[in-house]
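What follows is calculated from the coordinates using simple rules that are stated; it is not laboratory data. Treat the numbers as computed from the prediction; the structure is a model and nothing was measured. Positions of Cβ are generated from backbone atoms using ideal geometry, with glycine treated the same way; all protein chains shown enter the neighbour counts.
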């Protein structure tokens, strides 16, 4: 071999990049991945050359040249089934991998079960009479038979339904083709118990005499629609039987009686006997219907498609457009004529055909004189097996060899085309020729095995579907193909690229054009709606000038985007355009149907329902005011204001609704609409825009609505969303006469602001000031309560408004808050007159008294006297002397009687103030006597102090020469050291010793911290030295502090250790 490892791999050949189809596919999105093929060597238990092999459902059966049989379930870890076969020839497994049949060259057939190891049996492949299907019948005697029938192929028939659900016996039903004679036997094997095997076989068909010497290489049975399809093949002839029947055997019996029912395709006989003539079906999986077939003949590979029904996605009215018929089970049968491969020569820009030369060792072309032994099908490739070569050809079964756009002439393949489509050719350059014997596809496990005489490989296929969509697309664009085939090819191309947007859009656009050309409008609009090339499609449909088709497409495209659009933001513009187009189309429909009232009402209702659903599906689409205004203009432009109003109400286009109601004089509806729809922060501007008009037309309804525009904070409290400061200009234009209810004369602005301040805790100074100005003009009682309770109004502003409104009583309190007490007193007294001159109870006078008695802070005596004097003067001017006298009495001594006597006439003084003057004189006399006593006491105290000072100056003490200091026991008169003598106790100590004694006690700080010392004991003392000179350190306060000192201090001498 040319390779040394057990693995060989290949990806898509670089030659494919020059393919015309590949170049045309560049319009789509390039795929980074390509199909990948790899051969992996598989180990097995067979210790002899492999003669035959089969694998189904992960069960592998190997038959050796010496008769060794190994059946192993590769999905289970169990010992394999082994047996010995005399004269081995072929091994066959049913699709479930449960039953195995082994053919011998002596005509013997062996049965084994991979699930029940003890079940086995053998029988001769001969025609037998007797019981068949439980009844004693006599099958027809064959015209020609042999005694040694060797099985060449086995076709496993589907299980027939049974009504006996309790039946436990297994039944095997199959057709067996012989190596010689062209016989077809029906074999039934009933397995009951552990080892009981009851076989029964009968000859049901013999191929025409032309195939007597050729082996029946393959039998295949498939159900296609209502027909049963049976393939019987030799290397030179393909027999096909199809027809309606209850089961395949019924059709086969009909063919046995009437051989003319067989469709026969023959190939030219050649000297090459490599082709075995096997027919293979491609099934995507176990139990799934076959999609295509292929037959290896002596002249090439015949392949075709199953004629599956194409009506599953079509309406009944459009199904007839395609002209599909189920009269035949196969369609588009093609011949890959490998014996007629041609070369292309380029001359003067034209291609001419020339016979293909034999491929050299370096050429990748296929040989013309030797055909493949077998072929295996995948979804997109043919696997051609030669006796020394394995070729993977990128050509799906059932497709024409080349697209209509190809520049190559004729139907025969060209060598360049074949080389271009070869995707994997691992043994092409092998130095030592191989001996390959067969290829097997495990449908259930989706594995492909290639076996030779001494080796077994698995062909691993990955990413097979990559770069295949354009192969089907260009076949679909071939006008020479039938309509059903083109539909199938388009569907295949779409399935392969539907997850790659750019490629899918190309396929769907071309597919939609094709469907429009043949008249399948409904299906075409469905397909085009799935294409994202909206502008191209719209231009195409507009050019057709068919409004019905355009309307269908627009509505389907819109519904599809609404339902499936993953990225709504990307498709938002297209959705918006589609919605506008649908609205325009439906409005035109309403206009055309105005002649019929019933039709017009239905069309209007349909448009309303559509708009409602659109708003529900895509609310974000209508959040842009410009777009919603466009829809409204469209509705209004057609003279449909009710539609525009309904649409605006659904999308909560509050501005439009308010404008509509206001323009029609429906002011209460406008106020209610504001309360209902304009309660969010983003809609508050509408209040400021429409309130000036509504406050004049329906103030009661408007202010009630404003009280509903509230929100809650994190603590659960409510607050007003509206900015009342911006509404003050609206309230200024209002008066209670504007109330829509004549019986309601309340000021609505006052009611609103009061609720906002008290209930919603509005603290805006501007709002409080405006509310105060309204109260000053309209409600004095509420004004008093507001001035006392509110903290957020401006006192200066309140004073000005109260002065303007002549609310003088309230001005007094405001002056007092501004500490303008003189202005407060003058305002209180000037703006009030006593009712009776003789009456002393003047309210203004009482207010002035209370104000002066309850001043928040003490005033200077002169200022306080001035204020009381002002009150007394007003009392004299507007009242009577008695009032002035009462002011003097209430002043608490601040005013004296003589302060006001100058303003009173002499006659009034004698008449009214005689008693008061006498009381005042008596008070002066008492004051003078008390002052004289105080002077005498002070004089006596002064004399006593003089005497004490004189005594202190004459005090002295005697110190003997040998007197010692009590603290240090040293001579007191030592050298020039200062000493202290305390006169009271006669103690004498050195000054330094006294200071040291005080320091031991704690010094001056200890005395300062002692709370028991007399108050003035430390006055003037700033140091310990001064403290020692103040009092004796032995018997004074120092002795008391010394009591708290410990008698001894613990040191190391106290330690016990």
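Once the Cα-Cα distance is subtracted from the 0.36 nm per residue extended length, the residue 764 to residue 655 segment shows a gain of 36.4 nm. Placing a label point 7 Å from the Cα of residue 33 along the Cα-to-Cβ direction, the residues of region 439-462 whose backbone N falls under 15 Å of that point are 461-462. The angle between the Cα long axis of helix 667-677 and the longest principal axis of the Cα atoms of the chain comes to about 70 degrees, rounded to the nearest 10. Sorting 937, 250 from the fewest to the most surrounding beta carbons within 10 angstrom yields 937, 250.
Relative to the longest principal axis of the Cα atoms of the chain, the long axis of helix 765-778 makes an angle of roughly 60 degrees.
Centre-to-centre separation between the Cα atoms of region 586-611 and those of region 72-99: 73 Å. In a fully extended conformation the segment linking residue 962 and residue 188 would gain 262.9 nm over its present Cα-Cα distance, using 0.36 nm per residue. Across region 960-1057, Cα-Cα pairs farther apart than 19 Å form 48% of the total.
Cβ crowding within 10 Å, taken as a proxy for footprinting-reagent exposure, orders 993, 831 from fewest neighbours to most as 831, 993.
The calculated FRET efficiency for the pair residue 1023 and residue 791, based on their C-beta separation and a Förster distance of 45 Å, comes to about 0.20. Between the helical axis of 248-257 and the longest alpha-carbon principal axis of the chain there is an angle of about 20 degrees. Taking other C-beta atoms within 10 Å as the exposure proxy, 37, 514 rank 514, 37 from fewest upward.
A Förster radius of 60 Å, combined with the Cβ-Cβ distance separating residue 1042 from residue 818, puts the computed FRET efficiency at roughly 0.40.
Potential lengthening of the chain between residue 1010 and residue 548 amounts to 155.1 nm, from the contour at 0.36 nm per residue minus the alpha-carbon distance. Volume per residue for the chain equals 512 cubic angstrom (convex hull of Cα atoms). With a simple spin-label model that places each label point 7 Å from the Cα along the Cα-to-Cβ direction, the separation between residue 733 and residue 862 comes to 5.8 nm. Between residue 740 and residue 685, the FRET efficiency from the beta-carbon distance, with R0 = 25 Å, is close to 0.50. Think of it as helices only: each DSSP H run of n ≥ 4 in the chain is worth -39500 (n - 2.57), and spread over all residues that comes to -12000 deg cm²/dmol at 222 nm.
Relative contact order of region 679-762: 34 percent, from C-alpha pairs under 8 Å at least 6 residues apart in sequence. Please report the spacing between the Cα centers of region 468-515 and region 981-1013 in Å, no decimals. Here the answer is 121 Å between Cα centres.
Entry note, region 979-1047: relative contact order of 34 percent, from Cα contacts under 8 Å with a spacing of 6+ residues.
In region 679-762, one over the average inverse separation of all distinct C-alpha pairs is 13.3 Å, which is the Kirkwood hydrodynamic radius.
Each part gets one Cα centre, and for region 1021-1057 versus region 290-304 those centres are 129 Å apart. Summary value for the chain: 6 percent relative contact order, contacts being C-alpha pairs under 8 angstrom separated by 6+ residues.
Label-to-label distance, residue 969 versus residue 948, with points set 7 angstrom from Cα along the beta-carbon direction: 4.0 nm. Residues within the reach of a label modelled at residue 696 (point 7 angstrom out along Cα to beta-carbon, backbone nitrogen below 18 Å), restricted to region 668-683, are 668-671. In this simple spin-label model, placing a label point 7 Å from the Cα along the Cα-to-Cβ direction at both residue 803 and residue 126 gives a separation of 14.2 nm.
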